[in-house]
Amino acid sequence: MSFETLRDSDDVFDALVIGSGVTGGWAAKEFCERGYRTLMIERGPLVEHRKDYPHESKPPWDMPQRGRVPLAEAEQRQAVQKNCYAYNDFNRQFFGDDRDLPYSTASGTRFTWYRGNQLGGKSLIWARQSYRLSEFDFEANAKDGHGNDWPLRYADLAPWYAHVERHAGISGARDGLPQIPDSESLPPFDMTAPERAIGERIEAAFPDRNFVIGRTANLSQPTQLHLEQGRVACQARTECDRGCSFGAYFSTQSSTLPAAARTGKLAIAPNSVVHSLIFDEASGRVRGVRVIDADDRSERRYFGRVVFLCASTLGSTQLLLHSTSRSFPTGLANRSGVLGRYLMDHNYNAFISARVPGFEDAYYRGRRPTGIYVPNFHYEPGRYHRDFQRGYALGGSAYRVSNWRGGAARDGFGADFKEALTGTGDWGFNFYAQGEMLPRAENQVTLHPSNKDKWGIPQLHFDVRWSDNERRMMESAAEEGTAMMRAAGLEAIEAHVQDGAPGAGIHEMGTARMGRDPASSVFNGFNQAHDIDNLFCTDGSVFCSSATQNPSLTYMALTARAVAYAVDEMKNRRI
């Protein structure tokens, strides 16, 4: 893989792409493949595919703490990051250092902000679940009155979903369900015998509910295109968050970066913390960006014809809020005044578990990179629950409870005890809920009036809460999950609803929403700023609603579509 890395440059690039995660990688690929010289600006260090995955395939007994991070060290350096389900000693280098990334919350509120500041961003550690949004999701705001109407519909995005799916590689079945439209997919991973039985029983008892295998950005059976990217089939190791030399899951490093680099049009500026955008009052356009060196804090500038914000929902919004001018005293492109508002996340606060009787002769091989999925069955107003609006999906899996896992928490000694640990235990099954969060103006992020980070940029200040709608939704998920398990004949069912903070879902969305009306939105239906025609944003900040599906696939499709639009505007000299 060959690309130019630079520090200082007076060149005017065709495109500046801020961020290198899921959306930044796609923006760079699409611009470069169209022949446009592109500078990708990343605040963290370079991470080279294969070379910089130091703990890949390393067994836990070769790690100092068997894969656990010493508590004192985690508390000192990554007190927030350590709460992520994926965080461990094998991959903590891909999580931010909280000492350098402070933020604050309003009294009585909480927010969890996970950061991945390196080339590839959080594409190195994401959970890879990949679903299209449906027509119901794009119409929901207009139909039930929550939030502004999306300025596009499913038909506008469908060909771009297909475009990114073919390149990224999404495994999954073609289920024919309206609430999760079928993808251009690779063969699905298999369900286990208990999952197939549980699914059949649930669908028989609840005809409005579907039990499918999760769609994931892991190559079950690579195509020739994937092989040309240097990627091969998933090895079912469940070590994706350490980095994957096989390139079996989609990341910037495995997929979009090689494609961009192959063109010879890509340059990367690592260790470059974007301080603010350079806005030219005379032309009404963004000329470039001001950058602070991540290490020595020196200043430099980069210039480009168009600027794509791909810095993550909160990163892009922080940058816009901090980029003020005479024309935009409250943040760049913020004539509407909605910048920073309508912050959303997915709500994962309901969990149900049970024992699966029988299937003692059944087992499985490998560690499948996905689970099962029950799509939202409250996906349109006529199907809403009487106690809340919108809905939730359920994820989960069946698993054999190895006796050695349970034995780790039991007292015992001697040959009989050790022998008991080598067998397999009962089958278990679990559900977790993934609920939609309504877009509400009072859920917002602002710049702190006095606190700044080490690079002199004002910290973000969060004021965000779950509403009664989200709380009732989680109570319903626990109740309905229990009812489904009972109908499937499961035993020892336990359900609980917790009060985890917003942000913990790692699906931050909103805060710079798109829309048709410049008076109530920041970006238009092509991700172009209403107020500044050469400024685009394609990360989650532009979302008008959260839906229930994992959002990354939609980020990719929006990015590819926006680049195609921007290139057409550039060719016709409208930008």
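The values are calculated or read from the model by the stated rules, or taken from the named source; none is laboratory data. Since we're looking at a predicted model, the values are computed, not measured. When we count neighbours, we look across all protein chains shown, and the Cβ atoms used for this are built from the backbone with ideal geometry, even at glycine. The area values use the complete protein model at the heavy-atom level, side chains included, leaving out ligands, DNA and RNA. Shrake-Rupley method; radii C 1.70, N 1.55, O 1.52, S 1.80 Å.
So the values come out like this:
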item	result
Positive minus negative residues near G288 (Lys, Arg vs Asp, Glu; Cβ under 11 Å)	+3
Total formal charge among the other residues, if their Cβ is under 14 angstrom from that of S183, Lys/Arg +1 and Asp/Glu -1	+1
Helix-only CD estimate at 222 nm, as mean residue ellipticity for the chain, using -39500 (n - 2.57) per DSSP H run (n ≥ 4)	-7000 deg cm²/dmol
Within the accessible area of segment 1-143 (1.4 Å probe), percent carbon and sulfur	46 percent
Ranked packing of 47-56, 478-487, 545-554, most packed first, by mean Cβ within 10 Å	545-554, 478-487, 47-56
In Hz, Karplus ³J(HN,Hα) per residue of segment 360-367 (6.51, -1.76, 1.60; θ = phi - 60°; x = Gly, Pro)	4, 8, 9, 8, 8, 10, x, 10
Principal axis dimensions, segment 50-190 - Cα atoms, whole angstrom, descending	51, 45, 26
Within the accessible area of segment 313-419 (1.4 Å probe), percent carbon and sulfur	47 percent
Virtual spin-label span in nm between A487 and N451, 7 Å along Cα→Cβ	4.7 nm
Heavy-atom surface of the chain, accessible at 1.4 Å and reported per residue (Å²)	39 Å²
Entries of K82/K418; K29/K454; K58/K82; K122/K143; K51/K454; K122/K571 with Cα pairs more than 23 Å apart	K82/K418; K29/K454; K122/K143; K51/K454; K122/K571
Listed residues W126, M514, Q224: farthest to the positive end of the dipole of the chain (Cβ charges)	Q224
Total charge dipole magnitude, the chain, about the Cα centre, Cβ charges on Lys, Arg, Asp, Glu only, Debye to nearest 20	880 debye
Formal net charge of residues neighbouring A86 (Cβ-Cβ distance under 14 Å; K, R +1; D, E -1)	+4
Pairwise label distance in nanometres, L6 with A155, each label 7 Å out on the Cα-Cβ vector	4.3 nm
Selection from Q444, A483, N469 lying farthest towards where the dipole of segment 436-501 points positive, charges on Cβ	Q444
Residues with amide H under 5 Å from that of S397, placed H, sequence gap 5 or more	I372, N430
The chain, relative contact order in percent, only Cα pairs under 8 angstrom and at least six apart counted	22 percent
Separation of the E135 and W61 label points, Cα + 7 Å toward Cβ, nm	5.8 nm
Overall Cα dimensions of segment 39-94 - principal axes, largest extent first, Å	39, 26, 17
For S251, residues with placed amide H under 5 Å, excluding near neighbours	T256
Relative contact order computed over segment 1-146 (Cα-Cα under 8 Å; 6+ residues apart), in percent	24 percent
Residues with amide H under 5 Å from that of S276, placed H, sequence gap 5 or more	R290
For segment 460-515, convex hull volume per residue from C-alpha positions, Å³	136 Å³
Entry for Kirkwood radius over Cα pairs in Å (calculated from the structure that is shown) out of (1) 27.3; (2) 24.5; (3) 25.9	(2)
Accessible surface of segment 152-272 [probe 1.4 Å, protein heavy atoms]: carbon and sulfur percent	51 percent
